[in-house]
1. Kindly report the accessible area of region 104-191 per residue (heavy atoms of protein chains, probe 1.4 Å, no ligands, DNA or RNA), in Å².
2. Applying the Karplus parametrisation 6.51 cos²θ - 1.76 cosθ + 1.60 with θ = phi - 60° to the phi angles of region 136-146, what ³J(HN,Hα) value in whole Hz is obtained for each residue in order, glycine and proline being reported as x?
3. Within the accessible area of region 212-307, what % is carbon and sulfur when the probe is 1.4 Å and the other protein chains stay in place?
4. Among Leu263, Met191, Leu220, which residue has its Cα furthest toward the positive end of the charge dipole of region 169-296, with +1 on Lys/Arg Cβ and -1 on Asp/Glu Cβ?
5. About the Cα centre, and with charges only on the beta carbon of Lys, Arg (+1) and Asp, Glu (-1), how big is the dipole of region 111-202? Nearest 20 debye, please.
6. Using a probe radius of 1.4 Å on heavy atoms only, what accessible surface per residue do you get for region 380-429? Whole Å² is fine.
7. Modelled label-to-label distance, Asp317 and Lys369, 7 Å Cα→beta-carbon offset: nm?
8. Looking at Gly237, Asn398, Gly417, which one has the Cα that reaches farthest to the positive end of the dipole of the chain (charges on Cβ: Lys, Arg +1; Asp, Glu -1)?
Amino acid sequence: MDILIKNGRVIDPASKLDQKADVLIGGGIIKEVKNSLKTKAATIIDAKGKLVVPGLIDVHTHLREPGHEEEETIASGTRAAARGGVTSVLCMPNTHPPLDNAPAVEFVLLKAQKEGLVNVFPIGCITKNSDGAELAEIGVLKRAGVVAISDDGNPVMNSLVMRRALEYTKMFNLAVISHCEDKDLSKNGAMNESYTSMVLGLRGIPRQSEDIMVSRDIMLAELTGGHLHVAHVSTAGSVELIRQAKAKKIKVTAETCPHYFTLSEESVTNYNTNTKMKPPLRSAEDIVAIKQGLADGTIDCIATDHAPHTEKNKEYDLAPFGIIGLETLLGLVATELVEKKVINWAKAISLLSTNPARIFGLNSRGSLKPGSVADITIIDPDKKYKLKASDFLSKSKNSPFIDYPLQGLADMTIVGGKPVWSLKDGINP
Ligand SMILES: [Zn+2]
Ligand SMILES: [Zn+2]
């Protein structure tokens, strides 16, 4: 059955559209986008006062299945995504077992088809068992359906292995997503290395741990012509290195996460383990640089690095790294970037949908052009709210943004033409 979304402000950077219009969808695709569309026999959704945008795409999600289903599953993670306005997730391969072989990738795809509420695009490992030693069978992974490769959670410390990965993936048109961390420099660290870490008595992770690897990987991308995608940029140094690499036309793209433009290391002062992640929260100057990088196009995407953990109730030093993010992504982008006039809505949608689809080759997504897959997020930009721990649909509740004042949230999430979440009715399985 056709659905007509009426009276919304339609923002589609891929077709340079930002105006009041109606969107007609049917058969799982976008049929028409036009002012005052008339049609019979359609379900009508009134989007007056709301934004109608291509569905958000999170290029960095940990779904934890297989292996840690107590923390998250494909079912629970995709429900959290739908609630957050996210219609597609790219899931990281550091599961147990890891996604370094075709059957493992096929398992995730099958499970997602059966139990997932939004689209799931698996990322395969760079190296076997993600241990950085020997390349995984990248061609086999590509045929099984991966959209990129990454050893996320771990850096590829061996430069020759990283070089081979960037060379080899060129054949398959896949990006290599790099978790940029020099493990020797970051060893035993729990937070950003600074005066604050000294005062708190916590071991530090210097910015150089990230910057050195970003620098190395850019050099290897230049050497090989491979596509490097830098995950979770957290430092001013990384932003500058990526800016220079892009000026030299090196094939590099990058993402940051909402916590890196929202919170600084000062948040660690209360030893809340939900401020512990890798890379760590940095300083106020880094936040300024990241916002600048988002505004000027140096950083291409905003991803969550959604990392569910149930074992956060520990001493700061011992707690695992990572926080959940699918349900606060949109609110933090709206509150911290759009409301504070760092970027406008069109730019925000580029960072959350248009660019992710283009970078990872998710054809016919990330756009509202007729013929595109009808993945759509309807956003209430004015809604003010706070989330309690019990509000999260994710199985894990490890968020530093519990009770954080937010503005802007998903009013409805439509995947392949089907509303899977709405504020009014909740989840529609
Ligand atoms: Zn990582
Ligand atoms: Zn990650």
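1. On the way: 3780 Å² over 88 residues.
Normalised by residue count, the accessible surface of region 104-191 is 43 Å².
2. Couplings: 6, 7, 5, x, 5, 4, 4, 5, 6, x, 6 Hz.
3. Working: 1690 of 2960 Å².
Within region 212-307, the accessible surface is 57 percent carbon and sulfur.
4. Leu220
5. Magnitude of the dipole: close to 420 debye.
6. Values: 2390 Å² over 50 residues.
So region 380-429 comes to 48 Å² accessible per residue, rounded to a whole number.
7. Spacing of the two 7 Å Cα→Cβ label points: 5.6 nm.
8. Gly417
The values are calculated or read from the model by the stated rules, or taken from the named source; none is laboratory data. A quick note: this is a predicted structure, and the numbers were derived from the prediction, not measured. A quick note on method: Cβ atoms are made from the backbone with ideal geometry, for glycine too, and the neighbour counts reach across all protein chains shown. The accessibility values were calculated without ligands, DNA or RNA, using every heavy atom of the protein model including side chains. Shrake-Rupley method; radii C 1.70, N 1.55, O 1.52, S 1.80 Å.
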